[in-house]
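Participant: This structure is in structure tokens; I'll ask about it shortly.
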Amino acid sequence: MRKNEQSRAVATIGAMALLLGLAAGAVLAANNNAKDTDWAIPRTTYGHPDLQGVWENNNGTPLQRPAAWAGKERLTDEEFQELMAAVAEATDPGADALFGDQLVLAAIERTKATSYDPTTGNYNQFWIADRYFTKRTSLVVDPPDGLIPPFTESAKKRLCKRVKHLMEHPADSWLDRPIAERCISYGAPFIFPGYNGYHQIFQSEDHVVIHQEMIHDARVIRLDDESALDDDVRLWNGDSRGHWDGDTLVIETTNYSKKNDFMGSSEQLKITERFTLTDPETLEWEITVNDPGTWTQPWTASIPLKRTEDAIYEYACHEGNYGMEGMLAGARAEEAANKPKQLDPGVVFRYPGLTCDF
């Protein structure tokens, strides 16, 4: 359990006000500290920038720019303070858990948002990591409008076919359930905040390892290795190769398996990541997604990762756990009771911008 999660646990027995006050003070202090003008990029013994350590992605900035902020790249000081007040209301510990862009949308609309799952709901905000914010209005920086480009027509057909199948066969077997739910992988790179948004970096002279806390995926990345896998060799999280571009670590990943997708991607997906230390506490993470089989043009997001002293903890979910047995048993019980099958709302949630004619 992390420090912020420990704070919540202690808060339930009467110390919430004190803990929240301390946390708020720490955040304000961090935001008000000026960058050290004498700071120099730390380096390994072999001369590369030293990126090692644990980095958190608890950034609450929405991936895509909300319609209310159209044409605006950054919030004013007044708008930012209004947003923080609205976020405080939306993240009441008893409120339903909000993921992705849901949090900011709920704050903007001043609504008491509920989970994307209208059946049983998610667990509540009590268990979600405290998110930090910048004045940026979207993580997407290209296209300049802050929006992910539209799906291609072929991608719409492919994804709508998948959604239709899952509407009609939500749990015929474990193979109908998403691989994240089966505890196999959340995909790489994992860019979403909420919980388990921590990444630990290890370096050697010719390798970099990025350990994603979510489902404990460890990406072992070879440096300056121009050899490539055959196109028919496909991996859950793709094949990653890296190199240094000055003081920036560049990682290019291809050969993704069709069994795992990145927000609806196809086997043509190529993701290019750039990691750059911008100050002692910030690692700028730029992700460019290029998939002509899915989106009408490439798009880029930029996420400021924050250094943390928190540890990476075991993600204890494992394939074949009793939760899957329970879901399949529940599906069989609904079939026996002749209940109509319903689309799992999480399916559409995974494909932002997708609309289907059924």
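The values are calculated or read from the model by the stated rules, or taken from the named source; none is laboratory data. Remember, it's a predicted structure, so these values are computed and weren't measured experimentally. Cβ coordinates were reconstructed from backbone atoms using ideal geometry, including for glycine residues, and neighbour counts include every protein chain displayed.
Participant: Go through region 193-237 and report how many residues are surrounded by fewer than 18 Cβ atoms within 10 Å (Cβ to Cβ) and under 19 Å from Gly264 (Cβ atoms).
Facilitator: Looking only at that region, the number is 3.
Participant: While we're on this one: Between a first residue in region 64-76 that is outside any loop (DSSP other than H, G, I, E, B) and a second residue that is surrounded by 18 or more Cβ atoms within 10 Å (Cβ to Cβ) and at pLDDT below 95, which pairs have beta carbons less than 7 Å apart while being 6 or more apart in sequence or on different chains?
Facilitator: Ala68/Ile108
Participant: Mind listing just one residue for me: the one in region 61-106 that is under 21 Å from the mean Cα position of the chain (by Cα) and of a type in the set (Val, Ile, Thr) and, of those, nearest to Ser302 (Cα to Cα)?
Facilitator: Thr61
Participant: For region 41-63, which residues satisfy the criterion of being assigned to a strand (DSSP E or B) and more than 15 Å from Phe133 (Cα to Cα)?
Facilitator: If the condition is that a residue be assigned to a strand (DSSP E or B) and more than 15 Å from Phe133 (Cα to Cα), then Arg43, Pro49, Gly53, Val54, Trp55 are the ones that fit.
Participant: Check off (1) under 15 Å from Asp101 (Cα atoms); (2) modelled with pLDDT of 95 or more; (3) of a type in the set (S, T, N, Q) for Asn59 and give me the number that stays unchecked.
Facilitator: For Asn59, the failing item is (2).
Participant: Ok, one more. Got at least one residue in region 18-36 being at pLDDT 55 or above and not assigned by TED's automatic domain parsing to the domain that holds Gly146?
Facilitator: Yes; the residues of region 18-36 include at least one that is at pLDDT 55 or above and not assigned by TED's automatic domain parsing to the domain that holds Gly146.
Participant: So which pairs qualify, if the first residue must be in region 316-327 and in the same structural domain as Asn196 (by TED's automatic domain parsing), the second must be exposed (fewer than 12 other Cβ atoms within 10 Å of the Cβ), the Cβ gap must be under 6 Å, and the two must be at least 6 apart or on different chains?
Facilitator: Nothing qualifies.
Participant: I need the full set of residues from region 166-175 which are under 24 Å from Asn237 (Cβ atoms) and surrounded by fewer than 16 Cβ atoms within 10 Å (Cβ to Cβ), in order please. Even if it seems obvious, please write down each step before you answer.
Facilitator: The initial filter retains those residues of region 166-175 that are under 24 Å from Asn237 (Cβ atoms), namely 166, 173-175.
Residues satisfying the conditions are Ser173, Trp174, Leu175.
Participant: So, of the residues in region 289-319 that are farther than 24 Å from Leu354 by Cα and of a type in the set (Asp, Glu), which turns out to be surrounded by the most Cβ atoms within 10 Å (Cβ to Cβ)?
Facilitator: Top of the filtered list is Asp310.
Participant: Now a separate question. Name every residue in region 249-270 that is part of a loop (DSSP other than H, G, I, E, B) and free of Cβ contacts under 8 Å to residues at least 40 places away in the same chain, in order of residue number.
Facilitator: Result: Asn255, Ser257, Lys258, Ser265, Glu267, Gln268, Leu269.
Participant: Ok, one more. Return the residues of region 318-351 that are at pLDDT 85 or above and assigned to a loop (DSSP other than H, G, I, E, B); say none if nothing qualifies.
Facilitator: So the first thing to find is which residues in region 318-351 are at pLDDT 85 or above, and the list is 322-339, 351.
Across region 318-351, the qualifying residues are Ala337, Asn338, Lys339, Tyr351.
Participant: How about region 157-195: which of its residues are farther than 25 Å from Gly330 by Cβ and in contact with a helix residue (DSSP H, G or I) (Cβ under 6 Å, 6 or more places away or on another chain)?
Facilitator: Phe190 - this is the single residue of region 157-195 that is farther than 25 Å from Gly330 by Cβ and in contact with a helix residue (DSSP H, G or I) (Cβ under 6 Å, 6 or more places away or on another chain).
Participant: List the number of the failed condition for Phe151; all other conditions in (1) buried (at least 20 other Cβ atoms within 10 Å of the Cβ); (2) over 27 Å from Leu103 (Cα atoms); (3) out of contact with any Asp or Glu (no Cβ under 9 Å at 6 or more places or on another chain); (4) of a type in the set (A, V, I, L, M, F, W, C) hold.
Facilitator: (2)
Participant: If you take just the strands (runs of 3 or more DSSP E) that sit entirely in region 162-239, which of them hold at least 3 residues that are in contact (Cβ under 8 Å) with a residue 24 or more places away in the chain?
Facilitator: 198-203, 207-212
Participant: On to the next question. Here are Thr134, Thr119: which of them is surrounded by fewer than 16 Cβ atoms within 10 Å (Cβ to Cβ), among the polar types (S, T, N, Q) and modelled with pLDDT under 90?
Facilitator: Result: Thr119 is the single residue among Thr134, Thr119 that is surrounded by fewer than 16 Cβ atoms within 10 Å (Cβ to Cβ), among the polar types (S, T, N, Q) and modelled with pLDDT under 90.
Participant: Select, from Ala311, Ala301, the only residue that is among the small types (Gly, Ala, Ser), over 20 Å from Gly238 (Cβ atoms) and assigned by TED's automatic domain parsing to the domain that holds His243.
Facilitator: Numbers: Ala301 fails: over 20 Å from Gly238 (Cβ atoms).
Only one candidate passes the filter, namely Ala311.
Participant: Among the residues of region 336-344, is there at least one that is closer than 20 Å to Phe192 by Cβ, under 18 Å from the mean Cα position of the chain (by Cα) and not hydroxyl-bearing (Ser, Thr, Tyr)?
Facilitator: no
Participant: Of everything in region 282-299 that's farther than 24 Å from Thr152 by Cα and not β-branched (Val, Ile, Thr), which residue is nearest to the chain's Cα centre (by Cα)?
Facilitator: Out of the qualifying residues, it is Trp285.
Participant: Further question on the same structure: Among the residues of region 74-95, write down those that are acidic (Asp, Glu) and under 15 Å from Phe133 (Cβ atoms). Lay out the reasoning, then the answer.
Facilitator: Residues of region 74-95 acidic (Asp, Glu): 77-79, 82, 89, 92.
Answer for region 74-95, where residues must be acidic (Asp, Glu) and under 15 Å from Phe133 (Cβ atoms): Asp77, Glu78, Glu79, Glu82, Glu89.
Participant: Still on this model: Hey, Lys270 hits all of (1) closer than 22 Å to Gly100 by Cβ; (2) buried (at least 17 other Cβ atoms within 10 Å of the Cβ) but one; which does it fall short on?
Facilitator: (1)
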